[in-house]
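> Dropping the structure in here first, questions after.
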Amino acid sequence: QKEVEQNSGPLSVPEGAIASLNCTYSDRGSQSFFWYRQYSGKSPELIMFIYSNGDKEDGRFTAQLNKASQYVSLLIRDSQPSDSATYLCAVNGGFQKLVFGTGTRLLVSP
Amino acid sequence: DAGVIQSPRHEVTEMGQEVTLRCKPISGHDYLFWYRQTMMRGLELLIYFNNNVPIDDSGMPEDRFSAKMPNASFSTLKIQPSEPRDSAVYFCASGRTSSGNTIYFGEGSWLTVV
């Protein structure tokens, strides 16, 4: 069983819609959770992190964490074509180590 | 502030040759990570260092891979001998204890072994 699981997609949404990206993890002891965005041919860049149960909002992005159910989600409001990328979920795997999912590809159509 | 710097950005080499990838972490960061990314397996952690000391190398695929961090501002990942299945993007990332588990990636080294 993979430690961090994501649907590979692609997830297709029209411009202006809400994109919902999900991630589940296996280690109940995980304490911190991250979302990275990766454009094709580029390196992953940090979008958000969340440590506590509930929601955390940053502009058009909202991260949601449910430790009991072991899932993390990322909502992107008012999706733009420039949001088209692969979104990687990462979970703390001990010390500073991050374990990544394989990513969900998001396509936002104009 | 400069980010994580990797070199070379692209390398094409023949099977059996030695490959050395280089990384300069962000100044002041005490953690350094080497990841490998492929379409099939995604981002895999190969090895990471804390204060120049290797902490976990369980992700290093085999003895052909080795990594060193001789000082706080430089690390290498070496593959000897290289094989076609080593073709991937190799990312170096760094982080700081005081910033939790947040890590920042370099631009990556695109390796093709023919």
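The values are calculated or read from the model by the stated rules, or taken from the named source; none is laboratory data. Keep in mind it's a predicted model, so treat the numbers as computed, not measured. So basically every Cβ, Gly included, is an ideal-geometry build from the backbone, and we count neighbours across all protein chains shown.
Condition check ((1) assigned to a strand (DSSP E or B); (2) buried (at least 16 other Cβ atoms within 10 Å of the Cβ); (3) away from chain A (no Cβ under 14 Å); (4) not aromatic (Phe, Trp, Tyr)) across all residues:
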position: B:TRP34; (1), (2), (3), (4): yes, yes, no, no
position: B:GLN37; (1), (2), (3), (4): yes, yes, no, yes
position: B:LEU45; (1), (2), (3), (4): yes, yes, no, yes
position: B:GLU62; (1), (2), (3), (4): no, no, yes, yes
position: B:LYS68; (1), (2), (3), (4): yes, no, yes, yes
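> Need the failing condition index for B:PHE74 against (1) touching a Pro at 6+ places or on another chain (Cβ under 9 Å); (2) of a type outside the set (Lys, Arg); (3) surrounded by 16 or more Cβ atoms within 10 Å (Cβ to Cβ), just the number.
Looking at each condition in turn, B:PHE74 falls short on (3).
> How about the stretch B:47-81: which of its residues are closer than 24 Å to A:LYS42 by Cα and in contact (Cβ under 8 Å) with a residue 40 or more places away in the chain?
Hits for the stretch B:47-81 are B:SER73, B:PHE74, B:SER75, B:THR76, B:LEU77, B:LYS78, B:ILE79.
> Sort out which residues of the stretch B:70-102 are within 14 Å of chain A (Cβ to nearest Cβ), assigned to a strand (DSSP E or B) and farther than 16 Å from B:GLN37 by Cα, and write them in order of number.
Within the stretch B:70-102, B:SER94, B:GLY95 qualify.
> Then there's this: Does at least one position in the stretch A:80-101 carry a residue that is within 14 Å of chain B (Cβ to nearest Cβ), under 20 Å from B:LEU45 (Cα atoms) and hydroxyl-bearing (Ser, Thr, Tyr)?
Looking for residues that are within 14 Å of chain B (Cβ to nearest Cβ), under 20 Å from B:LEU45 (Cα atoms) and hydroxyl-bearing (Ser, Thr, Tyr), one finds at least one in the stretch A:80-101, hence yes.
> Against the conditions (1) modelled with pLDDT under 95; (2) touching a Gly at 6+ places or on another chain (Cβ under 9 Å); (3) closer than 30 Å to A:ASN7 by Cα, where does B:MET40 fall short? Just the number, please.
All conditions are met except number (2).
> Please count how many residues of the stretch A:16-29 are part of a loop (DSSP other than H, G, I, E, B) and surrounded by 14 or more Cβ atoms within 10 Å (Cβ to Cβ).
The qualifying residues number 2.
> Test A:SER73 against the criterion of being more than 14 Å from every other protein chain (Cβ to nearest Cβ), of a type outside the set (Asp, Glu) and closer than 14 Å to A:GLN6 by Cβ, and give yes or no.
Spelling it out, A:SER73 is indeed more than 14 Å from every other protein chain (Cβ to nearest Cβ), of a type outside the set (Asp, Glu) and closer than 14 Å to A:GLN6 by Cβ.
> Continuing with this model, one more query. Within the stretch B:2-13, can one find any residue that is in contact with a Pro (Cβ under 8 Å, 6 or more places away or on another chain) and outside any loop (DSSP other than H, G, I, E, B)?
no
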